[in-house]
Amino acid sequence: MLEVIEKLLLLQDRDRKILRTEEELAHIEPERKALQEKASSTQSGLENAKLKVKQLETERKRLELEAETLKTKIEKYSIQQFETKKNEEFRALTKEIDNCKAAVIKLDDQQIELMEQIEAAQKEVATASKVAADAKKLVDDQLTQLAARETNLDKELEQLTANREELAAHVDDSTRARYERLLKHKGGSAVVGIQHGVCGGCRLKFPPQIVLSCKQDQEIVTCPNCGRILYYTKDMDLAVSD
Ligand SMILES: [Zn+2]
């Protein structure tokens, strides 16, 4: 194998690791956002449950006040009834009192119903509160792990980049420029092996002279179809006979 190919393969190995590391790093922020959203959605679930209890309690208080007002009216009508001497007025007041009493009974029933709803809503608050607390704990743990992973990946990337620069410095400028162009356009696969007489990048079947010139190790050979830099090793012959 040409020495420059060996150097390029080492370089490509680092570049692939760099690409993988960068890809992993790119996932960190969306993951962090998803975790934060998960925690805040359980928290807002809890807030909603609490709000429901509050609304039901307000409604129950309103009914209670309404009933109180009616009871005061009943008292007032009873006094008026006691004071009046007119039969007609007495009867009219009796009717008013009966209406008020019926309305109070209805309001009491509604309050009982609301109290049942309040009890159920309070149970929901307790459940939502546990769910939110559990989610927060889990998310906090995961966020800590994520931050640690990010730090490690940053460090790894820094080392890989430094190492890559060192390796790249050993390759001549024009070959390096060619390699880097290919790497950019071919998704991290610039230098490929010939496998079973076929390009390891685009799968083109080569005529024998390309395989031969690659075997001779005289100059850099590229694929006429995809332009990738080719290399040939004896191990590949073994692979062919397999
Ligand atoms: Zn090719």
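Laid out as a table, the results:
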| quantity | calculated |
| --- | --- |
| Criterion: buried (at least 16 other Cβ atoms within 10 Å of the Cβ), farther than 30 Å from V191 by Cβ and of a type in the set (D, E, K, R) - qualifying residue of K73, K38, K61, K17 | K73 |
| Cβ pairs under 6 Å, 6+ apart, first in region 66-80 and charged (D, E, K, R), second in a helix (DSSP H, G or I) | E66/L107; K73/C100 |
| Index of the failed condition, E165 passing every other in (1) touching a helix residue (DSSP H, G or I) at 6+ places or on another chain (Cβ under 9 Å); (2) surrounded by fewer than 17 Cβ atoms within 10 Å (Cβ to Cβ) | (1) |
| Subset of region 1-56 (residues that are acidic (D, E) and under 30 Å from E116 (Cα atoms)) | E47 |
| Unmet criterion (only one of (1) more than 13 Å from the ligand (Cβ to nearest atom); (2) assigned to a loop (DSSP other than H, G, I, E, B)) for E158 | (2) |
| Breaking point among (1) outside any helix (DSSP H, G or I); (2) surrounded by 12 or more Cβ atoms within 10 Å (Cβ to Cβ), for K85 | (2) |
| Residue list for region 41-58, filter: surrounded by fewer than 17 Cβ atoms within 10 Å (Cβ to Cβ) and either within 30 Å of K101 (Cβ to Cβ) or touching a strand residue (DSSP E or B) at 6+ places or on another chain (Cβ under 8 Å) (or both) | Q55, E57, T58 |
| Scan of region 164-211 for residues that are within 15 Å of the ligand (Cβ to nearest atom), among the charged types (D, E, K, R), touching a residue at least 40 places away in the same chain (Cβ under 8 Å) and not in a helix (DSSP H, G or I), ordered by number | K186 |
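Every read-out reported here was derived from the displayed coordinates using simple, explicitly stated rules and does not represent laboratory data. Keep in mind the model is a prediction, meaning the values are calculated, not measured. All Cβ positions, even for glycine, are placed from backbone atoms using ideal geometry, and neighbour counts span all protein chains on display.
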